[in-house]
1. Using Cα positions and a limit of under 29 Å, work out the lysines in reach of K377, with same-chain residues fewer than 8 apart set aside.
2. Among all the lysines, which ones have a C-alpha under 26 Å from K274's C-alpha, if same-chain residues fewer than 8 places away are not counted?
3. Under the Karplus relation 6.51 cos²θ - 1.76 cosθ + 1.60, θ = phi - 60°, what is the ordered set of whole-Hz ³J(HN,Hα) values for region 420-425, x standing for Gly and Pro?
4. If exposed chymotrypsin sites (Phe, Trp or Tyr not before Pro) are those in a DSSP loop with at most 15 other Cβ within 10 Å, what is the longest stretch of the chain that has none?
5. Skipping prolines and chain starts, which residues have an amide H placed within reach, meaning under 5 Å, of the one on G181, given they are 5 or more residues away or on another chain?
6. Can you list the HN-Hα couplings for region 255-260, worked out from phi with the Karplus curve (6.51, -1.76, 1.60; θ = phi - 60°), rounded to whole Hz and with x for Gly and Pro?
7. Summing -39500 (n - 2.57) over the DSSP H runs of n ≥ 4 in the chain and dividing by its residue number, what mean residue ellipticity at 222 nm do you reach, to the nearest 500 deg cm²/dmol?
8. What is the chain's relative contact order, in percent, from Cα pairs under 8 angstrom and six or more apart in sequence?
Amino acid sequence: MNSQFDFIVVGGGISGIAAALTLAKNGCSVALIEAAPKLGGLLGSQSFFHGNEELVFDYGTHLLRDTGNKVIDDLFIKPFVNKNYERYQILKNGNFFKGKLNASSPFINANFLNPNDYTQGEIELFHNASLSKLIEPKALSEYDNCEEHLCEIFGKTFYENIHRPILKKFYGRNGNDLIPGAHSLLGLSLLMVSTPEKTRELKKDPILNSRIGFHSFHEGISDLVSYYPTNNGIGLWTEELTAKLKDWKVKLYTASEIENINSNQNRIEAVVLKNGEEIQCQHLLWTVSPFSLIKILNPNFFQGRQFEKCSTSLYHFISNEAPLTDLYYFINYEPDMLSFRTTLYSNLQNKNAHHPIRLTVEVISPTPIDPKVAEEKIQKELIQTGIFSKEAILTSVGHFSLPNGFPLPTHSNAMHHADALNYLKSHSQNLTLLGKENANLFFLNQVLTHSHDTALKLHHSFNQDFRQISL
Ligand SMILES: Cc1cc2nc3c(=O)[nH]c(=O)nc-3n(C[C@H](O)[C@H](O)[C@H](O)COP(=O)(O)OP(=O)(O)OC[C@H]3O[C@@H](n4cnc5c(N)ncnc54)[C@H](O)[C@@H]3O)c2cc1C
């Protein structure tokens, strides 16, 4: 059997969904190929049974947020966030660092350092901000590595005492082994210094404003609203988007793997599935790893190269007691602890509706960890951080290792990645690379916006080409 489409989109995460919906809404015929049984990727939820009770947990991003772009919000967010979603103008997120829970702001409180280090760090931070005013601002790519960038922004003392141990905890590397910007995926873009009052004054300076954060999430609030389903996981949103794709006649191939790709003179003509089905297209949009495409097109291309990885796992728990905090989520930056982000669903959702109390702890680690060891360590950490009382009983419900979680942003990985993209760009004229794996983007709204905008441009140029052929 073979079929023919204007566009084939590979990967049914938010990138593939956004591209397919945009193209279909503009009248193109689209096929979407997804390896898993359901669409959603990192915006999915999974169910576990505890006794007879079905408990829902997410496996990646939890919250939706307006992008601020009306066209995108009207297509992907506003039609879905109805009475079944909670709305948040303020996100209550905190962090744990130097044995203390900062339950009022997501930014690390540099005041938690010992007084000498704090004083020296603050002097360097202000000195560097004054220097920055005298020189041309540098692009991120002009820095040699993450350490050089962080030292220039925050100073050597804050880097040594804050950023270096945290980069080591999650990536197992020092900042000079990582690309500039590697810290931003871990929520380390701003630091909390000084007092709340002085910070309000300091933030009037644009350079300091980009380096230091308010002491409370109640300050500096944006107009953009965040959302989470009241009685479900975030997978509800991608299920609703899947229904929309079907309404717009996108042909969905779920649980489908690609065996081969037929090309002719720098043009991709068809994708062949493992079941032998051939799907022809005018243009291919690839939203998954570029390495998996190269493996099909040229299996020898990366022979002998070493790829470095870090591992991302999710640990789902229930508790017999409510947490001692009303934070929605917090990041554990303590170098000796294992956890990364903990999300407390019972604080996000209608408290009365959900029993028992559910939480997900994400672990990013340089090497994989035995799940039993990790579970025990996380249970202890949840009590040590003061999130749960010493009497709380935390029961593990399940864990999940993400095949494509957090990237490991080392120089050599960045080089392999750039080589892969260059190879693919030169291989085919009718191939577009999208998504977190290809576009040097990570956060949900960045990926959504990029995929939507790129698909719209493709639709316009596709229409022009088509008109030229018809004439
Ligand atoms: C643990 C974690 C937490 C995160 N938290 C946040 C957050 O709080 N806020 C935020 O903004 N962002 C967050 N992100 C980032 C954000 O979720 C992702 O960047 C975004 O969802 C990526 O979408 P995507 O479509 O590019 O990729 P994915 O969601 O990874 O989707 C790729 C899809 O392709 C499928 N696939 C893979 N290989 C193939 C193949 N060969 N053929 C067919 N299909 C294939 C996969 O099954 C998957 O469905 C988080 C990421 C992680 C890992």
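1. K92, K98, K100, K168, K169, K309, K351, K390
2. In chain and number order, the partners are K38, K246, K249, K251, K295, K425, K436.
3. Once θ is set to phi - 60°, the couplings for region 420-425 become 5, 5, 4, 4, 5, 5 Hz.
4. Numbers: sites that count: F301, F307, F442, F443.
With a cap of 15 other Cβ atoms within 10 Å, the longest stretch comes to 1-300.
5. So G181 has HN proximity to no qualifying residue.
6. 6, 10, 10, 9, 8, 8
7. Details: 13 runs with 150 residues, N = 471.
Taking each H run of at least 4 residues, the total per residue is -10000 deg cm²/dmol.
8. Numbers: 861 pairs, mean separation 109.9, N = 471.
About 23 percent, as a whole number.
Since every read-out is calculated from the coordinates, none of them should be taken as a lab result. Not measured: the values here are computed from a predicted model. For neighbour counting, all protein chains shown are included, and Cβ atoms are generated from backbone atoms with ideal geometry for every residue, glycine included.
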